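First up is the structure itself, then whatever we jot down about it.
The values are calculated or read from the model by the stated rules, or taken from the named source; none is laboratory data. Values in this document were obtained by computation on a predicted structure and should not be read as measured data. Ideal geometry is used to build each Cβ from the backbone, glycine not excepted, and the neighbour counts take in all protein chains shown. Keep in mind that these areas ignore ligands, DNA and RNA; they rest on the heavy atoms of the full protein, side chains included. Shrake-Rupley method; radii C 1.70, N 1.55, O 1.52, S 1.80 Å.
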Amino acid sequence: MKYELGLSHDREAIDELETRLKAYEGRPAAVAGVGKDPVNAPMIRHWCEAMGDTNPAYSGPDAIAPPTMLQAWTMGGLSGHTGRTQTYEELLGLLDEAGYTSVVATDCEQDYLRPLRPGDEISFDSVIESVSEKKTTKLGTGYFVTTRMDIRAGPDLAGTHRFRILKYAPRRQAGRPGARKQPSRPRPVVNRDNAGFWEGVRQHRLLIQRCTGCGALRHPWLPGCNACGGLDWDTVEASGEGTVYSYVVMHHPPFPAFDPPYAVGLIELAEGVRMIGNVAGVPYDKVRIGLPVRLGFQEYDEELVLPIWRVREETV
């Protein structure tokens, strides 16, 4: 009887919280926000260089911005934006108070309605589109919160950007009080397009796709060539030499199975392609752009092997 009463009380508390959360749907998160800079050629160039995108549509007198830069023109930087409402912070605060204190971004969706060109002045409005019912995930139990941003260039709707996060209560570690078992690392998503890459990693080999039509190398693995459109390919094994093209140091938020701070690098391989991986062999605050690195493989458990990049000893 006591057990049944306990379940009933918990259900009532959940229902009350979800009613309060649902009340935020449709409420504004930003009103009349304005991009801090107009669409401009330097930002487009930096984006294309970082992404390795050489599409001629993004340069020259008739250049357009890459469509996937849509959100970049709305970002406020460290100083934030005027036009933001307190509603979104109130919603997150309500979830914090209920014990759902961790957050992780899960996905975004973008719709492109009009090309953006240098000189376009950007404005936007954002709304809390939906709050899910309580969900249980591998990270823990919580709620998915989705916002939708409508982005305009002058009077024209240029696109929409939906951004979804999970606010969750982390799973408690089983075992004796005070004992913490290190959770297993997240597994990569293996599908029919990239299964060959991960099989190579399992064998401590780093395989790069090569188009048999034009010879272009590509990473990550794709079903077709982004240079000529060809569908046939083979592989070449990377030499294992590379340099740090760019990097970030992860401090926050804490995430199960990771021990921040640590450095994550965008590595340019000797073969010319780039890939992401942890940088090891030096303290995180000693990683620099241009630092030479060499391929290594880290075995995390009986099933998981990942490529990592170790700083060459002669450069330390």
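For the reader, a short list of remarks on this structure follows.
- Qualifying residues in region 220-239 (those that are in contact with a Leu (Cβ under 8 Å, 6 or more places away or on another chain) and at pLDDT below 95) - the one nearest to Glu299 (Cα to Cα): Pro223
- Scanning region 11-44 for residues that are over 24 Å from the mean Cα position of the chain (by Cα) and among the basic types (Lys, Arg) gives Arg11, Arg20, Lys22, Arg27.
- Number of positions in region 184-241 that are of a type in the set (Asp, Glu) and in contact with a helix residue (DSSP H, G or I) (Cβ under 9 Å, 6 or more places away or on another chain): 1
- Scanning region 241-274 for residues that are surrounded by 13 or more Cβ atoms within 10 Å (Cβ to Cβ), small (Gly, Ala, Ser) and touching a Phe, Trp or Tyr at 6+ places or on another chain (Cβ under 9 Å) returns Gly242, Ala263, Gly265.
Rundown of residues vs (1) touching a Ser or Thr at 6+ places or on another chain (Cβ under 9 Å); (2) within 27 Å of His204 (Cβ to Cβ), yes/no style:
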site	(1), (2)
Leu222	no, yes
Ala227	no, no
Asp234	yes, yes
Glu241	no, yes
Val244	no, yes
His251	no, no
Pro256	yes, yes
Asp259	no, yes
Tyr262	no, yes
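- Test set (1) at positive phi; (2) open to solvent by 60 Å² or more (accessible area, probe 1.4 Å) - Gly215 fails condition number: (2)
- Filtered by the rule that a residue be in a loop (DSSP other than H, G, I, E, B) and in contact (Cβ under 8 Å) with a residue 60 or more places away in the chain, region 259-302 gives Glu271, Val273, Tyr300, Asp301.
- Cβ-Cβ under 8 Å pairs, at least 6 apart or on other chains, region 99-110 side assigned to a strand (DSSP E or B), far side of a type in the set (A, V, I, L, M, F, W, C) and open to solvent by 60 Å² or more (accessible area, probe 1.4 Å): Val104/Phe255; Ala105/Phe163; Cys108/Phe163
- For region 211-234, the set of residues classified as without any contact (Cβ under 8 Å) to a residue 40 or more places away in the chain and within 27 Å of the chain's Cα centre (by Cα) consists of Ala216, Trp221, Leu222, Pro223, Gly224, Cys225, Asn226, Ala227, Gly229, listed by residue number.
- Against the criterion of being crowded, with 16+ Cβ neighbours inside 10 Å and among the basic types (Lys, Arg), Arg288 does not qualify.
- Count of region 53-98 residues which are open to solvent by 50 Å² or more (accessible area, probe 1.4 Å), under 28 Å from Glu271 (Cα atoms) and not in a helix (DSSP H, G or I): 4
- Some residue of region 191-205 being at pLDDT below 85 and open to solvent by less than 70 Å² (accessible area, probe 1.4 Å): no
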